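**Student:** Have a look at this one before I ask anything.
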Amino acid sequence: MQIISISGRLTADCVKRLSASGSEFVTFTVAVNDYRASEKKDATFYYDCIMDVRPVTEYLVRGKAVNVVGSLTPSIYEKDGKGYLHLDVKVLHIELGAKPRDKGSEVEKAAPEDMPV
């Protein structure tokens, strides 16, 4: 089993799906920014994730920061006569992070430190 740990933000709200056997699961994509020092720019990588429905599912909305630990699950498919390999992350553990960024609001200012008396 190959384990991967990723931290990033959801690109869209999670989507509930139904397997052929009738069990529910959700899918979502995590965008991870990685600074490339040699190129002096950010690169973004996208990870497709699959998870059983859990109580946390309702909080998986676009922009939500998450930390995911999961196993890489390969799937091979054919399109236009060519074979392709796609890797999904089967979520074993998920932690929720910061709320989605609200582009319309101002950044909250930090509370001032206590002043000595």
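The values are calculated or read from the model by the stated rules, or taken from the named source; none is laboratory data. Quick caveat: nothing in here was measured; it's all calculated off a predicted structure. As a convention, Cβ positions derive from the backbone with ideal geometry for all residues, glycine included, and neighbour counts pool all protein chains shown.
**Student:** Which residue pairs have Cβ atoms under 7 Å apart, sit 6 or more places apart or on different chains, and have a first residue in segment 81-93 that is more than 19 Å from F45 (Cβ to Cβ) and a second that is in a strand (DSSP E or B)?
**Tutor:** What qualifies is G83/I76; L92/V69; L92/G70; L92/S71; H93/V69.
**Student:** Here's another thing I want to ask about it. Of all residues in segment 1-19 being without any contact (Cβ under 8 Å) to a residue 12 or more places away in the chain and closer than 16 Å to D88 by Cβ, which is surrounded by the most Cβ atoms within 10 Å (Cβ to Cβ)? Don't jump to the end; show me each part of the working.
**Tutor:** Filtering segment 1-19 down to residues without any contact (Cβ under 8 Å) to a residue 12 or more places away in the chain leaves 17-19.
From the residues that got through so far, the ones that are closer than 16 Å to D88 by Cβ too are 17, 19.
Numbers: R17: 12, S19: 9.
Out of the qualifying residues, it is R17.
**Student:** Okay, moving on. Check off (1) part of a loop (DSSP other than H, G, I, E, B); (2) of a type outside the set (D, E, K, R); (3) closer than 20 Å to V15 by Cβ for S38 and give me the number that stays unchecked.
**Tutor:** (3)
**Student:** While we're looking at this one, here's another question. Being surrounded by 11 or more Cβ atoms within 10 Å (Cβ to Cβ), basic (K, R) and not in a loop (DSSP other than H, G, I, E, B), is that true of even one residue in segment 82-103?
**Tutor:** yes
**Student:** What tally of residues in segment 9-37 results from selecting those that are at positive phi and modelled with pLDDT of 95 or more?
**Tutor:** Taking segment 9-37 as the starting set, the residues that turn out to be at positive phi are 22.
After this cut, where a residue has to be modelled with pLDDT of 95 or more as well, the list is none.
The qualifying residues number 0.
**Student:** Take segment 25-59 and flag every residue that is small (G, A, S) and either touching a residue at least 40 places away in the same chain (Cβ under 8 Å) or under 15 Å from I6 (Cα atoms) (or both). Give the steps one after another, and end with the answer.
**Tutor:** Residues of segment 25-59 small (G, A, S): 31, 37-38, 43.
Across segment 25-59, the qualifying residues are A31, A43.
Condition check ((1) loosely packed, with under 10 Cβ neighbours inside 10 Å; (2) part of a strand (DSSP E or B)) across all residues:
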| site | (1), (2) |
| --- | --- |
| S21 | yes, no |
| V26 | no, yes |
| T29 | no, yes |
| A43 | no, yes |
| Y47 | no, yes |
| I50 | no, yes |
| V56 | no, no |
| V61 | no, no |
